[in-house]
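*Asks:* For reference, the structure I am asking about is given below.
Rule-based calculations on the coordinates, nothing more; no lab input. Because the structure is predicted, anything quoted here is derived from the model rather than measured. Note: ideal-geometry Cβ built from the backbone for every residue, glycine included; neighbour counts use all protein chains shown.
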Amino acid sequence: MYKKVETDIGGRTMAFETGKMAKQTSGSVVVTCGDTMVLVTAVAEKKSKNMGFLPLTIEYQERMYAAGRIPGSYFRREIGRPSEKEVLTCRLIDRPLRPLFPKGYMSETQVIITVFSADQEIDPDILAMNGASTALAISDIPWQGPVAAARVGYIDGEYVLNPTKSQLEKSAMNLVVAGTEKAVVMVEGRTGELAEDVILEAIFFAHEGIQPIITLQNELREELGKPKRTVTPPQVNEELQAKVEEAAAGGMEEVVTTPDKMERGDRYDLLKEEVLAKIDEEHYESESEVFDLLSAFKKRIMRERIVNKGERLDGRSFEDVRPISCEVGVLPRAHGSALFTRGETQAMVISTLGSERDEQHLEGLGGDVYRHFMLHYNFPPFCVGEVRFLRGPSRRDIGHGTLARRGIEAVLPDAEAFPYTMRVVSEVLESNGSSSMATVCGGSLALMDAGVPIKSPVSGVAMGLIKEGDKVVVLTDILGDEDHLGDMDFKVVGTREGITALQMDIKIDGVDRDIMSRALAQAKDARLHILGIMEEAIGGPRTEVSEHAPKYITLKIHQDKIRDIIGPGGKIIREMTAEFEAKIDVEDDGTIKIFSTSAEKGAALVKHIEGLTAMPEIGKIYEGEVKTVKDFGAFVQILPGTDGMVHISELKNERVNKVTDVLKEGDIVKVKVLDIDGRGRIRLSRKAALAGGEE
């Protein structure tokens, strides 16, 4: 059955259309806003597989034809590996959807979003998020939505719902918020050092703004929705559960009171063996059944200790940050480096400076983008004591790196004032809670160590939540186990002035304004505490860039002289690049940017370029070579590629019968510029340049 419905969001119409395209799916919808259109399909296998987890896959695909472009790759088609934008959009869609699948549902499920049309003003990601929820809502897949999403901008002190790309260029905020009818379930984005109350109002401004989309989805589901599949909740073997808890009771107390992560893991492994040894095999079908019950027992005990006794795994109070140490200048040849350690989380962060040629070129539906600041996050298996194949960055790695990049971007200097391309790489060496926030802190330190004049240092902290009935506990600087057993992961990045980026995911139905307010206030205290320790390691950016970094020099030449720098086929600029070991960028307006390996070679190159491109000045004396002798005078090269004529009457104070009596080709002679006419012809005088008028 075909159906099309519309709603007004932020002053623009968002339309949902179903029953026309992709009708063999479990659920499909086309979402349109402006000239941007996406197709969202949801399909699930009929049979359930007991995989121990929900096999949900989100795929977001941007097709270049959507923007009327042909891909720039060698094969002239979209490459198999998704772009960074596609990966980040997949994560945006996955995070609010996943918690709303019922326990026990394990059918392989796939949501595919294809961008069919994209204008230059409306980003497809919000349409994709709302379309994914709608496709699942009207399908037979047992999903417990709907959710809806919106973007929030902040322009001239006013909140803007779903701003266009042009509006975002003027906005101090780019925040994506997803929620259900009653609560917020996800937040992600960057802000420009805004205060906590401004962020809080933005989140709930968006939550109010998405309600019409939720209402529309509910109406579509009631009218067109397929009957949902029945899911049998996993049955707990209560007899086995009692035996497991009885066998583990003494050892579990020791596990949950061990502060060291690796030692706690070792004790838990021993406990698993002890429990198996105490229970007869006839009471369970597989060891995994026992281990699942033991894991659930551990989670319950940990949560009860936190909520009822106020005791965290490592003995800290709810508001405490783990011990921190900061070192800068750790790597001798890197332009900037920092080793940031917080508890059992450690990151070596390195900053590298390059020229404009080192910028990252990104091809997308909105056109080509050149990024002069990059942040790459690496999470090797040894950082958590594991062994696995080394592959390219995962979706998690890309997401963590992007969060850190957004948090730091707000304090970077303007490209005009600091034209370097900057790359920050975070090598996570140990991980037990929020290595992305360690990356933020280490990245800020490494940039300052390299001499990048950032406006303010930046720090970040991860907040957690335990909610048991009416009891709510907000945890500062959560451990890995607290993230795993908790109900929320809320990362907040900022300076002393305000928040620059944030990301929130939850595992429960949602969080209200009170919980969000408490988390932001606690995060601010922690952020300021961390900044204080960072400032002890390095008080601010170094006054000069690293001695190993390229030296940046800029100068301006006349546009007519650009050809003298480039040379035929680029011959001259290539020779200079090799001779002076420098990168030379020449712009159309005559601006020359030099990135040299040393200050000495850079200065020599500047002198060389000035010699090649100098323009003659009236009244100035030059020393030049006689190139041609004529009966009426001589032509003298006073600058590279610049000749002037000395008339026979200007050779000496006395009468000269023949030019060759005074000058011959190849002679070096001092001459003075008398005049330059409108056609650029230069009139020179030898007698005016002579001291006293005579030799």
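*Asks:* Tell me the relative contact order for region 238-309 as a rounded percent, counting alpha carbon contacts under 8 Å between residues six or more apart.
*Replies:* Result for region 238-309 is 41 percent.
*Asks:* If you don't mind, another one. Full-extension gain between R563 and R69, please, as 0.36 nm times their residue separation minus the C-alpha to C-alpha distance.
*Replies:* Full extension from R563 to R69 adds 174.5 nm.
*Asks:* Run the numbers for R371 and E201: contour at 0.36 nm per residue of separation, minus the present Cα-Cα distance, in nm.
*Replies:* Computed gain between R371 and E201 is 58.1 nm.
*Asks:* Right, next: Label points 7 Å out from Cα along the Cβ direction at E6 and D667: separation in nm?
*Replies:* 8.8 nm
*Asks:* Percent antiparallel among DSSP beta bridges with both residues in the chain, to the nearest 5?
*Replies:* If we restrict to bridges inside the chain, about 90 percent are antiparallel.
*Asks:* Return the loop-located chymotrypsin sites (Phe, Trp or Tyr not before Pro) in region 68-161 (DSSP other than H, G, I, E, B) with at most 13 other Cβ atoms within 10 Å of their own Cβ; answer none if there are none.
*Replies:* Taking region 68-161 and a limit of 13 other Cβ atoms within 10 Å, the loop chymotrypsin sites (Phe, Trp or Tyr not before Pro) found are Y74, F75.
*Asks:* Right, next: Just to be sure I understand: if I project the alpha-carbon convex hull of region 259-351 onto a plane and average over all orientations, what area do I get in nm²?
*Replies:* The directionally averaged projection comes out at 9.2 nm².
*Asks:* Okay, next question. Just grab the label-to-label distance for I621 and A15, each label 7 Å out from Cα along the Cβ direction, in nm (one decimal).
*Replies:* 8.1 nm
*Asks:* Right, next: Return the Rg/Rh ratio of region 470-584 with Cα-based radii and a Kirkwood Rh.
*Replies:* Using only Cα positions, Rg/Rh for region 470-584 is 1.32.
*Asks:* How many percent of DSSP beta bridges within region 324-537 run antiparallel, rounded to 5?
*Replies:* So the antiparallel bridges in region 324-537 amount to around 90 percent.
*Asks:* Could I ask something else about it? Using the Karplus curve 6.51 cos²θ - 1.76 cosθ + 1.60 with θ = phi - 60°, work out ³J(HN,Hα) for each residue of region 289-295 in order, rounded to whole Hz, and write x for Gly and Pro.
*Replies:* 4, 5, 5, 5, 5, 5, 5
*Asks:* Sticking with this structure for a sec: 7 Å from Cα along Cα→Cβ at both E311 and K49: what's the point-to-point distance in nm?
*Replies:* Distance between label points: 4.2 nm.
*Asks:* To the nearest 0.05, what FRET efficiency results for T660 and A578 with a Förster distance of 41 Å applied to their C-beta separation?
*Replies:* According to the calculation, E is roughly 0.50.
*Asks:* Would you kindly compute the Cα radius of gyration of region 324-537 and its largest Cα-Cα separation (Dmax), both in Å?
*Replies:* Values for region 324-537 (Cα only, Rg and Dmax): 17.4, 57 Å.
*Asks:* Arrange I141, I112 by Cβ neighbour counts within 10 Å, fewest through most, would you?
*Replies:* I112, I141
*Asks:* Next question. P(r) of the chain in 10 Å steps, Cα pairs, percent per bin?
*Replies:* Spelled out per bin, shortest first, that is 3, 12, 18, 20, 16, 10, 7, 5, 4, 3, 1, 0, 0.
*Asks:* Do any trypsin sites (Lys or Arg not before Pro) in region 615-690 lie in a loop, going by DSSP, with at most 14 other beta-carbon atoms within 10 Å of their beta carbon, and if so which?
*Replies:* K620, K630, R655, K658, K664, R679, R681
*Asks:* Shifting gears a bit: Kirkwood hydrodynamic radius, computed over distinct alpha-carbon pairs, for region 176-238: how many Å, to one decimal?
*Replies:* Evaluated on region 176-238, it is 14.9 Å.
*Asks:* May I pose another question? Could you work out the relative contact order of the chain, using alpha carbon pairs under 8 angstrom and six or more residues apart, expressed as a whole percent?
*Replies:* 10 percent
*Asks:* Divide by every residue of the chain the summed helix terms, -39500 (n - 2.57) for each DSSP H run of at least 4, and state the resulting mean residue ellipticity at 222 nm, rounded to the nearest 500 deg cm²/dmol.
*Replies:* The helix contribution divided over the chain gives -10000 deg cm²/dmol.
*Asks:* Just name one of M504, A42, V606: the one whose Cα is farthest towards the positive end of the charge dipole of the chain (beta-carbon charges, Lys/Arg +1, Asp/Glu -1).
*Replies:* Looking along the dipole axis, the top candidate is V606.
*Asks:* What value does region 3-224 have for Rg/Rh, both radii from Cα atoms and Rh as Kirkwood defines it?
*Replies:* 0.96
*Asks:* First measure r as the distance between the Cβ atoms of E304 and H548, then evaluate 1/(1 + (r/R0)^6) with R0 = 60 Å and state the FRET efficiency to the nearest 0.05.
*Replies:* 0.65
*Asks:* For region 350-452, which chymotrypsin sites (Phe, Trp or Tyr not before Pro) are both in a DSSP coil and crowded by at most 15 other Cβ atoms within 10 Å?
*Replies:* Passing sites in region 350-452 are F389.
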